[in-house]
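K.L.:
Can you read through this structure? Questions will come right after.
Only the coordinates and a few stated rules stand behind these numbers; no lab work does. Here the structure is a predicted model, which means the values were calculated and not measured. Heads up, the Cβs are rebuilt from the backbone with ideal geometry, glycines too, and the neighbour counts pull from every protein chain shown.
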Ligand code: T5A
């Protein structure tokens, strides 16, 4: 299925890279995002990690309301608008300034979550979500969305093993979470900027796969030749070795 968020041209003013990790609860997004951040920092790249909903003071305050565990009842439409309210701040205060400065934004969830949870999960119309989301983001889309795929039961079991209680959205039940998972798989079907990965492999394996995707997609950023001892030894002259960054 074509990404319902597609259709707005890439922002030519931005210089950085916008990468998003997505998937059902407990699939390993945060684990992978942290490993990616370490990797990028090790490469000397200016990367920044943030979560959605959240990422800004107002976004974190909205997150408190959205994920409250005390049985707060929120209409699906209200839930959508609160997610988008948090996103509007996140894009303007964090993502856009970072991208314009040439940084790499690593986001733990973004607009694909809204299509999966509020669209496929809650049943709100995808076209309406696209229209409202476009207003919230000003048309800014990620360069690549990595969707980790896992049966929701396994994701929930992982969360339980680490002692994490279900939040308001996770408590919506198995049928809801199944629709979300199916939604993610459909969203990844048509768009080349939404990639589905097997989230059931070990964290190391998933990380290696993500890195190889990033090297292949963005070689100018992640696949630069590195100056190893062997490279230096093989260099015909000192001058040639200056070609290595
Ligand atoms: N939401 C969000 C919407 O409804 N609409 C929207 O538009 C947006 C943006 C956010 C909630 O908001 C909803 C979706 C969510 O319900 P959240 O807490 O940010 O909630 O998201 P969760 O998915 O609930 O976060 P988790 O931290 O629980 O899940 P992760 O990040 O996917 O998983 P992670 O990395 O924390 O790992 C969970 C456990 O599994 C282990 C980890 O060590 C950890 O214990 N693990 C693995 N175990 C085995 N194999 C692997 N490969 C593993 N990777 C991690």
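K.L.:
So for region 17-222, averaging the separation of alpha carbon pairs under 8 Å that are six or more residues apart and normalising by length, what relative contact order in percent results?
P.N.:
This gives 33 percent for region 17-222.
K.L.:
Compare 203, 219, 53 in a GNM of the chain, Cα atoms joined below 10 Å, and give the one with the largest fluctuation.
P.N.:
219
K.L.:
In a solvent-free Debye calculation with one equal scatterer on each Cα, what is log10 I(q)/I(0) for region 17-222 at q = 0.11, 0.14 Å⁻¹, listed in the order of the q values?
P.N.:
Log10 I(q)/I(0), no solvent term: -0.48, -0.82.
K.L.:
Moving on. Which order results if 40, 105 are arranged by neighbouring Cβ count within 10 Å, fewest first?
P.N.:
40, 105
K.L.:
Report the gain in length on full extension from residue 73 to residue 38: 0.36 nm times residue separation, minus Cα-Cα distance, nm rounded to one decimal.
P.N.:
Net length gain for the segment: 8.8 nm.
K.L.:
In degrees from 0 to 90, rounded to the nearest 10, what is the angle of the helix 203-217 Cα long axis to the longest principal axis of the chain?
P.N.:
Helix 203-217 sits at roughly 70 degrees to that axis.
K.L.:
With a Förster radius of 45 Å, plug the Cβ-Cβ distance of residue 154 and residue 15 into 1/(1 + (r/R0)^6) and report the FRET value to the nearest 0.05.
P.N.:
The computed FRET efficiency comes out at 0.70.
K.L.:
Using the 10 angstrom Cβ neighbour count as an exposure proxy, how do 39, 152 rank, fewest first?
P.N.:
If I rank by nearby Cβ atoms, fewest first, I get 39, 152.
K.L.:
While we're here: Gaussian network model of the chain, Cα springs within a sub-10 Å range: biggest mean-square fluctuation belongs to which of 199, 173, 139?
P.N.:
173
K.L.:
Roughly how tilted is helix 174-190, in degrees to the nearest 10 and between 0 and 90, from the longest Cα axis of the chain?
P.N.:
Long axis of 174-190 versus the principal axis of the chain: about 40 degrees.
K.L.:
Sticking with this one: For a paramagnetic label modelled at 7 Å from the Cα of residue 201 toward its Cβ, which residues of region 141-171 fall within the zone defined by backbone nitrogen distances under 14 Å?
P.N.:
147-150
K.L.:
How would 27, 91 line up from fewest to most surrounding beta-carbon atoms within 10 angstrom?
P.N.:
Fewest-to-most ranking of 27, 91: 91, 27.
K.L.:
Expressed as an acute angle from 0 to 90° and rounded to the nearest 10, what is the orientation of the C-alpha long axis of helix 57-66 relative to the principal long axis of the chain?
P.N.:
The answer is roughly 40 degrees.
K.L.:
Here's a follow-up. Per residue of the chain, what 222 nm ellipticity follows from adding -39500 (n - 2.57) for every DSSP H run with n ≥ 4, rounded to the nearest 500?
P.N.:
-13500 deg cm²/dmol
K.L.:
Cut-off 10 angstrom, C-alpha nodes, Gaussian network model of the chain. Which of 60, 162, 111 fluctuates the most?
P.N.:
162
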